[in-house]
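The values are calculated or read from the model by the stated rules, or taken from the named source; none is laboratory data. Keep in mind that this is a model prediction, so the values were computed, not measured. Methodologically, a virtual Cβ is constructed for each residue, glycine included, from the backbone with ideal geometry; neighbour enumeration extends over all protein chains shown. We work out accessible area using only protein heavy atoms, side chains counted, and drop any ligands, DNA or RNA first. Shrake-Rupley method; radii C 1.70, N 1.55, O 1.52, S 1.80 Å.
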Amino acid sequence: GAGVSQSPSNKVTEKGKDVELRCDPISGHTALYWYRQSLGQGLEFLIYFQGNSAPDKSGLPSDRFSAERTGGSVSTLTIQRTQQEDSAVYLCASSWTRRETQYFGPGTRLLVL
Amino acid sequence: DQQVKQNSPSLSVQEGRISILNCDYTNSMFDYFLWYKKYPAEGPTFLISISSIKDKNEDGRFTVFLNKSAKHLSLHIVPSQPGDSAVYFCAASPLNSGGSNYKLTFGKGTLLTVNP
């Protein structure tokens, strides 16, 4: 039984470059979430997708961050013109519907030099 | 402004004893609370939850207690085992009003170490 998978597991990039992080949710889960965990902090909500509804982007920290979910399955989080403060672990989660238990992937550890 | 606070960054307990992890929250709109466990290099794993209509929920060795008046919840692990050593996150989500009841607000976590 496949869980939530994320790629890459680690990403090192230079300041100013764009990065794309991928999330494959559990099959059949309609809700998908992105969180960020900066060093020494709790998980911070970024964005939520539910089926074909408009996503809740209220947690995105700046307009350099965007995400999409194609075909109601795979999601990509894009960070443009990365900054050093973007360094964090980016976690994806999915659930059957909203407010059901969220299952997390292993995360992508992003380091911006 | 932290809405969910875990004031103990770490806790060390002897195997077989009770582990008590604490969590405080400030937002009175929170009505659903969860605990997640996280091992290094893995994503958080759901452990146990509690709705605000209850004051206790038990699942095997894990019990969560909720004190709404004090805006405080705790996770009890009895007996503690070395395999329980992990970071434990407290999380909360708000009432359905406004439609944002899927948003989890997390604390910073408590590192539990259970010594053999």
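Give me the distance between the Cα centres of the stretch B:67-85 and the stretch B:25-61, rounded to whole Å. Using only Cα atoms, the two centres lie 10 Å from each other.
Test of the criteria: in the stretch B:1-104, which GluC sites (Glu not before Pro) are in a DSSP loop and have at most 15 other Cβ atoms within 10 angstrom of their Cβ?
Details: sites: B:E15, B:E42, B:E58; in loops: B:E15, B:E42.
Qualifying residues, ordered by number: B:E15, B:E42.
Over chain A, accessible surface divided per residue gives 48 Å², non-protein components excluded, 1.4 Å probe. For the stretch A:80-113, a decrease in accessible area of 50 Å² or greater in the assembled protein chains relative to the isolated chain, with a 1.4 Å probe, applies to A:R98, A:R99, A:T101, A:Q102, A:F104. I'd like the interface area for chains A and B: accessible area of each alone minus the complex, both sides summed, 1.4 Å probe, protein heavy atoms only. What is it in Å² to the nearest 100? Chains A and B together bury approximately 1700 Å².
Ignoring ligands, DNA and RNA, what accessible area per residue does chain B give at 1.4 Å, in Å²? The partial results should precede the final answer.
On the way: 5510 Å² over 116 residues.
Here the residues of chain B average 47 Å² of exposed surface.
Taking the protein heavy atoms of the stretch B:4-115 in the context of the full set of protein chains, the accessible area attributed to carbon and sulfur is 50 percent at 1.4 Å.
Placing +1 on the Cβ of every Lys and Arg and -1 on the Cβ of every Asp and Glu, with nothing else charged, gives the protein assembly as shown a dipole about its Cα centre of roughly 120 debye.
Thinking of the stretch A:20-113 as a set of Cα atoms, what percent of all their pairs are more than 20 Å apart?
Working: 1263 of 4371 pairs.
Tail fraction, whole percent: 29.
Here chain B is treated with +1 on each Lys and Arg Cβ and -1 on each Asp and Glu Cβ, and its dipole about the Cα centre works out to around 120 debye.
Principal semi-axes of the equivalent ellipsoid, √(5λ) from the alpha carbon gyration tensor of the protein assembly as shown, are 29, 20, 16 Å from largest down. Both radii come from the Cα set of the stretch A:55-97: Rg as radius of gyration, Rh as Kirkwood radius; their ratio Rg/Rh reads 0.97.
Using a probe radius of 1.4 angstrom, the carbon and sulfur fraction of the accessible surface of chain A is 47%.
Mean-square fluctuations from a GNM of chain A, with a 10 angstrom spring cutoff on Cα atoms, peak among A:L91, A:L43, A:L77 at A:L43.
Only bridges with both residues in chain B count here: give the DSSP antiparallel percent, nearest 5. Present the calculation step by step, with values, prior to reporting the outcome.
Working: 37 of 42 bridges.
Of all bridge pairs located within chain B, approximately 90 percent are antiparallel.
Exceedance of the 31 Å cut-off in Cα-Cα distance is limited, within the set A:K15/A:K57; A:K57/B:K37; A:K17/B:K37; A:K11/B:K56; A:K57/B:K56; A:K15/B:K71, to A:K17/B:K37; A:K11/B:K56; A:K57/B:K56; A:K15/B:K71.
For chain A, DSSP calls about 90 percent of its internal beta bridges antiparallel.
Calculated on the Cα set of the stretch B:4-115, radius of gyration then Dmax: 13.6, 45 Å.
What you get for the stretch A:5-107, charging only the Cβ of Lys and Arg (+1) and of Asp and Glu (-1), is a dipole of about 20 debye around the Cα centre.
Would you mind classifying the stretch B:1-41 by shape? Square roots of the alpha carbon gyration tensor eigenvalues, ordered a ≥ b ≥ c; an a/c under 1.5 is rounded, otherwise it is prolate if a/b is larger than b/c and oblate if not. Prolate, since a/c reaches 1.5 and a/b exceeds b/c.
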